[in-house]
Amino acid sequence: QVQLVESGGGLVQAGGSLRLSCAASGSIFSINAMGWYRQAPGKERELVATITNGGITNYADSLKGRFTISRDNPKKAVYLQMNSLKPEDTAVYYCNLWQYGTTNWGKGTLVTVSS
């Protein structure tokens, strides 16, 4: 009953920036946290960043300093600002929402970083 829709992905050259957005809707009453994960071809899905309802953030060590996660609680949205993008950042980026001990996933948005 929870829907997550990602947007903002696309093709960008190395060194460029993108801002991903995720809008949540449906049966949402209390969001514990929202976050972003990504999955590159041939690799497992990995954590990018998470942010709690109170604003506590967590990042993958390799991404700290380049990526910034933020949220708008009234809009039930989470964002991912990606700067200094590298070809290795190419992946499908998935939005995730934690509520009442359960997780929900969006269908993902593709980010392609060219050399």
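The values are calculated or read from the model by the stated rules, or taken from the named source; none is laboratory data. From a predicted model like this one, the values you see are computed outputs, not experimental measurements. Because the Cβ atoms are built from the backbone with ideal geometry, glycine has one as well, and the counts that use them run over all protein chains shown. The accessibility values were calculated without ligands, DNA or RNA, using every heavy atom of the protein model including side chains. Shrake-Rupley method; radii C 1.70, N 1.55, O 1.52, S 1.80 Å.
Give region 41-87 a look and list any residue that's in contact with a Ser or Thr (Cβ under 7 Å, 6 or more places away or on another chain), loosely packed, with under 14 Cβ neighbours inside 10 Å and assigned to a loop (DSSP other than H, G, I, E, B), or say none.
If the condition is that a residue be in contact with a Ser or Thr (Cβ under 7 Å, 6 or more places away or on another chain), loosely packed, with under 14 Cβ neighbours inside 10 Å and assigned to a loop (DSSP other than H, G, I, E, B), then Asn83 is the only one that fits.
Collect the residues in region 11-40 that are in contact (Cβ under 8 Å) with a residue 60 or more places away in the chain, exposed (fewer than 13 other Cβ atoms within 10 Å of the Cβ) and assigned to a strand (DSSP E or B), keeping them in residue-number order.
Those that are in contact (Cβ under 8 Å) with a residue 60 or more places away in the chain, exposed (fewer than 13 other Cβ atoms within 10 Å of the Cβ) and assigned to a strand (DSSP E or B): Leu11, Gln13.
Can you pull out every residue in region 42-86 that is farther than 20 Å from Trp105 by Cβ, at pLDDT 95 or above and among the basic types (Lys, Arg)?
Arg66, Lys86
When both residues are 6+ apart or on different chains and their Cβ atoms are under 8 Å apart, which pairs have a first residue that lies in region 41-62 and is closer than 16 Å to Cys22 by Cα, and a second that is surrounded by fewer than 10 Cβ atoms within 10 Å (Cβ to Cβ)?
Asn53/Ser30
Would a scan of region 95-109 turn up a residue that is out of contact with any Cys (no Cβ under 7 Å at 6 or more places or on another chain), among the small types (Gly, Ala, Ser), touching a residue at least 40 places away in the same chain (Cβ under 8 Å) and within 18 Å of Pro41 (Cβ to Cβ)?
Yes, that holds for at least one residue.
Could you tell me which residue of region 88-98 is farthest from Thr52 (Cα to Cα), considering only residues that are in a strand (DSSP E or B) and open to solvent by less than 10 Å² (accessible area, probe 1.4 Å)?
Only one residue tops the list, namely Ala91.
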